[in-house]
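The values are calculated or read from the model by the stated rules, or taken from the named source; none is laboratory data. Everything quoted here is computed from the prediction, not taken from an experiment. Here the Cβ positions follow ideal geometry from the backbone for every residue, glycine too, while neighbour counts run over all protein chains shown. Heads up: the accessible areas ignore ligands, DNA and RNA and are worked out on the full protein's heavy atoms, side chains in. Shrake-Rupley method; radii C 1.70, N 1.55, O 1.52, S 1.80 Å.
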Amino acid sequence: MQTDFFIELLHQVKEFENSGAYKPNANVDDFRVWMNDKKYANESPTKLFKNENHQVSFTENEICKQVLLLGRYSKLLIRKGLGEFPELANEEFTYLYRLKDEPDLTKIQLIEKNGHEKQTGTQIIKRLLEAGFLEEKNDAEDKRSKRLNLTKKGEEIFHASVSNVNITSKILSGKLNDSEKSEFLKILKKLNEFHSHIYTDYKSADIGEIIKVFG
């Protein structure tokens, strides 16, 4: 094996150490995931399928790729931003913040407003209940349902974490100017409204049924 290979490998490791994906206890698997993401980011759908007999929509596939990458970057950034609040560092903070904005939601309402599957949302709510951030009570009309609200402890951690969430949001917005942020937000809302409709009305549908929404 040539020496140049090891030199290039060391350069890649150094780049990884300087990246946002690096953390003090990073291991070989973390490095491998970072390498895969880096390669994926440099690929385009046209290039990926150039030797295959497939019709490719470059723009739509690029949107898909960029949304996936942004999702990964945002998760890494949120973990960093909420490092002081490990109980919120995954998806928990979105549930806490949603209840602060819309108190007294049922469990199902809270899960659906966060776009999760029931099992995933139930686990998040369970962790927040166990941490003492939420309290539940029986629904006055439907005894099978539970209504959720923030506890005093939940209110305290909400206020304590606001500054970190604001900083994380600012970084996640990147260096877009005010006009770009407004336009990007408008497009994101439009896209999320479409997917909210799919999420709500086509839960059991397969991809073949969902594509019919386009007519």
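Consider region 1-54 and keep the residues that are small (Gly, Ala, Ser) and either open to solvent by 80 Å² or more (accessible area, probe 1.4 Å) or at pLDDT below 70 (or both). The one that is farthest from the chain's Cα centre (by Cα) is Ser44. Among the residues making up region 165-183, those that are open to solvent by less than 90 Å² (accessible area, probe 1.4 Å) and not basic (Lys, Arg) are Val165, Thr168, Ser169, Leu172, Ser173, Gly174, Leu176, Asn177, Ser179, Glu180, Ser182.
Yes or no, residue by residue, for (1) within 20 Å of Tyr22 (Cα to Cα); (2) open to solvent by 30 Å² or more (accessible area, probe 1.4 Å); (3) part of a loop (DSSP other than H, G, I, E, B):
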{"residue": "Leu77", "(1), (2), (3)": "yes, yes, no"}
{"residue": "Glu84", "(1), (2), (3)": "yes, yes, yes"}
{"residue": "Leu96", "(1), (2), (3)": "no, no, no"}
{"residue": "Gln109", "(1), (2), (3)": "no, yes, no"}
{"residue": "Glu112", "(1), (2), (3)": "no, yes, no"}
{"residue": "Gln119", "(1), (2), (3)": "no, yes, no"}
{"residue": "Ile124", "(1), (2), (3)": "no, no, no"}
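Can Gly132 be described as at pLDDT 90 or above and over 17 Å from the mean Cα position of the chain (by Cα)? Against the criterion (at pLDDT 90 or above and over 17 Å from the mean Cα position of the chain (by Cα)), Gly132 qualifies. Could you figure out which of (1) in a helix (DSSP H, G or I); (2) more than 20 Å from Glu117 (Cα to Cα); (3) of a type in the set (A, V, I, L, M) isn't true of Leu176? Of (1) in a helix (DSSP H, G or I); (2) more than 20 Å from Glu117 (Cα to Cα); (3) of a type in the set (A, V, I, L, M), only one is false for Leu176: (1). Restrict the check to region 145-164 and report whether at least one residue is touching an Asp or Glu at 6+ places or on another chain (Cβ under 9 Å), outside any helix (DSSP H, G or I) and open to solvent by 50 Å² or more (accessible area, probe 1.4 Å). The answer is yes; a qualifying residue exists.
Within region 128-141, the set of residues being open to solvent by 50 Å² or more (accessible area, probe 1.4 Å) and either of a type in the set (S, T, N, Q) or out of contact with any Leu (no Cβ under 7 Å at 6 or more places or on another chain) (or both) comprises Glu130, Glu135, Lys137, Asn138, Ala140, Glu141.
Remark: pairs (first residue in region 158-176, farther than 13 Å from Ser74 by Cα; second residue surrounded by 12 or more Cβ atoms within 10 Å (Cβ to Cβ) and small (Gly, Ala, Ser); Cβ separation under 6 Å; 6+ apart in sequence or on different chains) = Asn164/Gly81.
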